[in-house]
Amino acid sequence: MNLAITLLVAVAIASVIGTVLHQNEPYQDYLIKFGPFWFEVYERLALYDVYSAPWFLFMLAFLVVSTSVCLTRHTPVMWKEMTRFRDHQQERSLRAFSHKREWFVAMSPDEAAAAADATLRRNGYRTRHKSKPEARLVSAMRGTSNRLGYIFTHLAIVVICVGGLIDGNLLMQWKYWTGDLVVETRNIPVSQIDDSSKLPPRQTAFRGNVTIPEQGRASVVFLQLGEGYVVQELPFRIEVEDFRIEHYDTGEPRSYESDLVLHDPELDEPIRQTIRVNEPLIHNGHAIYQASFGDGGSRLGLRAWPLDGGDPEGLETRVNEELEIDGARGARRVEITGFEVFNIHPEPEATDRRQVRNVGPSFTFLLRRPTGEALEYENYMLPVEMDGGRYFLSGVRRSAAEEFRYLYIPADPDGGLDRFMALLQQLRQPDGVAAASDRALDGIGVEDPQVRGRIAAEAHDMVDTLLESGFDAVMAEQQARAEERGGQAPERLMDFYRLVIERTLWEGYAQVLRDEGIDPGEPAEEDLVFYRDAISAMTALADYDAPVFLELTDYDHRQATGLQIARAPGQNIVYFGSLLLTIGLLLLFYVSHRRAWCLIRPEGGGTRVLLAGNSQRDPLGFAKAFDSLGAELDHRLGGDGQPPADTNGERS
Amino acid sequence: MSTQQILGRETFDDRGFFARLSWFDWLWAAALLVGSVYASYHFAPWMDRYEHGILYLTWASTVAIGWMWKPARAFTIAVAVVSLFAVMRYPDLAAAESDFFLNYLFSSQAAIMWMCALFLAATPVYFAGLLLRSEFLNKLGTALTWLASGAGLVGLLVRWWESYLMGPDIGRIPVTNLYEVFVLFAFTTGLIYLYYEYRYQTRAMGGFVGLIISASIGFLLWYHFAQGAYEIDPLIPALQSWWMKIHVPTNFVAYGAFAIAAMIGVAYLIQARNPEGWARRGLPSAEVMDDLMYKNIALGFAFFTLATILGALWAAEAWGGYWSWDPKETWSLITWLNYAAWLHLRFTKGWRGTPMAWWAVAGLFVVTFTFLGVNIFLSGLHSYGEL
């Protein structure tokens, strides 16, 4: 097998690697995936960025060189094939052709030659006549551009690879390998990044990303390289005036666009243009694409409800900012990670994918303990209607790999959190619990002050356990206690304590209702439902594991646009190569180079005519073409002395 | 072949290509042009200048195809009439179920189901024709393949209309997800096969090509019933481009041609075990099959190259670079390199026959991975039709 085929197959196999192994991921991920040994081996082989690997580029370069050599060696041969008529054919060699046909006609050699010439020319052949004393030879050929097809296709491969190698940013790779360019791994402002990690403008090809908030500006992009990134400086500054996004009913983005102002010192006036996906801004060899979008630091107004008791506190923050809170259970750092203006979810009992609803804004944040570990939360601004009730949803999870588990806090009739928080307050405060358990014991009918005192203390413990560890913990605790005390019927004791805590909780709620001016003696259905939901939310607080509940009260949305900026000086070279390739393939496949000869020799009183032809490729196609060529010449020669088949004689 | 035997018997037609066209050829081309002009005015609010260009380009290529391959004219007329009939009965989506014709015949779902049924029927009919040497069954196979291809094309055209009925901002050419392109693959392969059936005057390959179409139909039916993939979903912004209209169909001409080449490879390998026996049944000679295999790979290669270039041009506009080494792109390159090697072997080494047939069959696996495997196993920019 020759070199070309080996190279084609080798490049194909090498290319597979990069599709199987995810490219350009953080090195940490590879380390976890492969373990230290294989991580090292793969890194040495540059498999994390195969298509920039020295050995891969070397293979491509070798392909270019060998194709060029092939081209320089074969082009002169092809040129000869295209231009030479091969008019030295002997009669003997023509008779050896598999496609041939012979006539003996009464006309003169000149007439026969004219007939042959006319036939061949009408079929698209170029002809050349050569006369010798004993015979004359009409040499003909057509489809010589087929040979151009060879030249074009092979030249195209060289051109495309050269263009690709230019855009493959060899200079940057070279600087990286030699250590002139240092990869930055820290997440720090551009101004603090060392010059050794920066690339000056207009030197090389690149393709990088930058996120710019509305009204923000940038004059660099970030290029991912190795285990970090480098900074590519731009010869201009981009300002984002506005970013707009539209959505389908299903909540998926339909279109997004940015109003850009490009300030270039070389320009008198800045360029103003709106870019969209599929509609980039191209300036001075740089193309600026709409690639993504995100939050550009929206302002969020929050109300922090302490879950340990205490009054709510108003806070102001921004997405991507942090703030500290202090609670009874220790300090937490709140890191605001995201904000969405709306969230489209499927309807609960949807049968169709298009049955969706918007549940309003939400934001996500991390609550980080001083020890560094953090839980992630997702809070919705507005209560969401579910199963007839309305709930504030707050999701919590330990890592991004998990699904959020949601806390459902029932909204009060005004659609707020106040009633739930008031109930929580009531149960968090010793006084509140004492008053509630007091009223509960009145209701149950316990009168002995000593017993009342003991039960009240236990009721307080139970409420605390409920809020800290959930309802199951309360019952487990009571069971342990009941068994410890022995007694005749621990079940009856358990039933009693369950009654106590249920009544205590209810009385706490009754107080909240009274504070709202509602008579708890005749609670409305919705107040009962609220109570049930509130208690189950409280028992879930144990798993919620947060000192505060952050309620989103208002916001100013500020979006950011994700731009990809590329400079590809080799692009037009590649396009030119692609054009060559397309034309070359058409010539190669759909034009066939055919040769034909007509030998005309006077014999006796008449003329002997021998037509022969060949075609290197497409033998089946040529067989047909030769038959019709023969038929036409036969006609022009008068059909071998017989009357012409077509007597009308009207011919164009 | 002795050239002396046929001497002086045949006539020849020395008129040029255009002079040989009949009045019907011209009338047909004119009618298509009138339709295109009407569409370009009527649908102008939904089209940009590139889309107008693509419309007239489609007209020109349809005319070129119809003039070279006469049966295509009747096919286009039938498809146009049926599609227009369906569209006229289709004021809103509810009509798909209330209207008899739409419900049972011409709504995209119904038409695509007809396509599936007809292709599944054509394959055994062709094989029966081959094995029983029945000219009638062979012709029936051809008729079923024409009908199936027509049903598939009507299905997609009507689906195009349906997508606009769902909402003007949802409307798009139905070649945007795995479900739609499987329909496209099935009837494109059917039509390319019919072209070669006409050119080479042999129906013996119908069953073999039918096998690969049936396999894709099998997938399509599973995808339809198990995954509900027939739903029309809105497009993500990156796909909202006129490039879609040329990039995807070009690709599927290539996939179809490669698939046919592979199935002819299978026929070739079967024939090689008992050439005389198969020749009696009407399977073409090894030489003809080899040529057909080459013709299909050449067609596929040319279109695949063009599709990849179009894809690169589109990528340069949508993703910020003409080449990203995205898995789909890389596998396209691998497919391209594979067939480039095949063509080199044939051109420079003069290889023919069994090894090339095996290679063509193996090539189909590479193509299938590029077409389908990448979407299933690898993630990347092209992940539009995930399973």
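The values are calculated or read from the model by the stated rules, or taken from the named source; none is laboratory data. Predicted, not measured: the structure shown is a model, and the values here were computed from it. Every residue, glycine as well, gets a Cβ built from its backbone with ideal geometry; the counts of neighbours run over all protein chains shown. Ligands, DNA and RNA are stripped out before the accessible areas are found, and what is left, the full protein with its side chains, is counted by its heavy atoms. Shrake-Rupley method; radii C 1.70, N 1.55, O 1.52, S 1.80 Å.
A few comments on the model shown:
- Extreme residue, farthest from the other protein chains (Cβ to nearest Cβ), among residues of the range A:264-279 that are touching a strand residue (DSSP E or B) at 6+ places or on another chain (Cβ under 6 Å) and open to solvent by 40 Å² or more (accessible area, probe 1.4 Å): A:270
- Within the range A:190-220, the set of residues being buried (at least 19 other Cβ atoms within 10 Å of the Cβ), hydrophobic (A, V, I, L, M, F, W, C) and outside any strand (DSSP E or B) comprises A:205 only.
- Counted residues, the range A:58-114 - those being open to solvent by 40 Å² or more (accessible area, probe 1.4 Å) and of a type in the set (Val, Ile, Thr): 6
- For the range A:153-189, taking the residues that are in contact with a strand residue (DSSP E or B) (Cβ under 7 Å, 6 or more places away or on another chain) and open to solvent by 50 Å² or more (accessible area, probe 1.4 Å), the one that is nearest to residue A:61 (Cα to Cα) is identified as A:176.
- Looking only at the range A:299-322, and only at residues there that are assigned to a loop (DSSP other than H, G, I, E, B) and out of contact with any Gly (no Cβ under 9 Å at 6 or more places or on another chain), the one that is modelled with the lowest pLDDT: A:309
- Of all residues in the range A:223-263, those that are within 14 Å of another protein chain (Cβ to nearest Cβ) and on the phi < 0 side of the Ramachandran plot total 18.
- Only one entry of A:295, A:311, A:326 meets the criterion of being open to solvent by 20 Å² or more (accessible area, probe 1.4 Å), under 30 Å from residue A:236 (Cβ atoms) and more than 14 Å from chain B (Cβ to nearest Cβ), and that entry is A:295.
- Scanning the range A:17-28 for residues that are open to solvent by 40 Å² or more (accessible area, probe 1.4 Å) and of a type in the set (A, V, I, L, M, F, W, C) gives A:17, A:20.
Residue by residue, here is whether (1) within 14 Å of chain B (Cβ to nearest Cβ); (2) within 30 Å of residue A:131 (Cβ to Cβ) holds:
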{"site": "A:63", "(1), (2)": "yes, no"}
{"site": "A:71", "(1), (2)": "yes, no"}
{"site": "A:77", "(1), (2)": "yes, yes"}
{"site": "A:92", "(1), (2)": "no, yes"}
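- Per-region count, the range A:397-420, residues among the hydrophobic types (A, V, I, L, M, F, W, C) and either buried (at least 20 other Cβ atoms within 10 Å of the Cβ) or over 29 Å from residue A:294 (Cβ atoms) (or both): 5
- Scan of the range A:495-552 for residues that are free of Cβ contacts under 8 Å to residues at least 40 places away in the same chain and not in a helix (DSSP H, G or I), ordered by number: A:517, A:518, A:519, A:520, A:521, A:522, A:523, A:524
- Among the conditions (1) within 30 Å of residue A:221 (Cβ to Cβ); (2) free of Cβ contacts under 8 Å to residues at least 24 places away in the same chain, residue A:566 misses just one, which is (2).
- Here residue A:582 does not fit the description of being in contact with a Leu (Cβ under 9 Å, 6 or more places away or on another chain), within 14 Å of another protein chain (Cβ to nearest Cβ), of a type in the set (S, T, N, Q) and open to solvent by less than 10 Å² (accessible area, probe 1.4 Å).
- Single match in A:595, A:601 (criterion: under 13 Å from residue A:102 (Cα atoms) and away from chain B (no Cβ under 11 Å)): A:601
Conditions tested, residue by residue: (1) aromatic (Phe, Trp, Tyr); (2) touching an Asp or Glu at 6+ places or on another chain (Cβ under 7 Å); (3) surrounded by 15 or more Cβ atoms within 10 Å (Cβ to Cβ).
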| residue | (1), (2), (3) |
| --- | --- |
| B:38 | yes, no, no |
| B:46 | yes, no, no |
| B:50 | yes, no, no |
| B:59 | yes, no, yes |
| B:80 | no, no, yes |
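- For the range A:538-568, residues that are closer than 30 Å to residue B:318 by Cα and surrounded by 19 or more Cβ atoms within 10 Å (Cβ to Cβ) total 9.
- Residue within the range B:246-254 that is open to solvent by less than 40 Å² (accessible area, probe 1.4 Å), at the interface with another protein chain (Cβ under 8 Å from one of its Cβ atoms) and either of a type outside the set (Ser, Thr, Tyr) or without any contact (Cβ under 8 Å) to a residue 24 or more places away in the chain (or both) present: no
- Just one of the listed residues (B:307, B:315, B:357, B:341) is open to solvent by less than 30 Å² (accessible area, probe 1.4 Å) and facing chain A (nearest Cβ under 9 Å), namely B:341.
So that you can scan it fast, the table gives a plain yes or no per residue for (1) modelled with pLDDT under 95; (2) surrounded by 22 or more Cβ atoms within 10 Å (Cβ to Cβ); (3) over 24 Å from residue B:202 (Cα atoms); (4) within 12 Å of another protein chain (Cβ to nearest Cβ):
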position	(1), (2), (3), (4)
B:258	no, yes, no, no
B:262	no, yes, no, no
B:279	yes, no, no, no
B:284	yes, no, no, yes
B:321	yes, no, yes, yes
B:333	yes, no, yes, yes
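- Taken over the range A:370-421, the criterion of being of a type in the set (Val, Ile, Thr), modelled with pLDDT under 90 and within 34 Å of the chain's Cα centre (by Cα) is satisfied by A:384 alone.
- Looking across the range B:161-178, the residues that are more than 14 Å from chain A (Cβ to nearest Cβ) and farther than 16 Å from residue B:91 by Cβ come down to B:173, B:174, B:175, B:178.
- Breaking point among (1) modelled with pLDDT under 85; (2) open to solvent by less than 60 Å² (accessible area, probe 1.4 Å), for residue A:447: (2)
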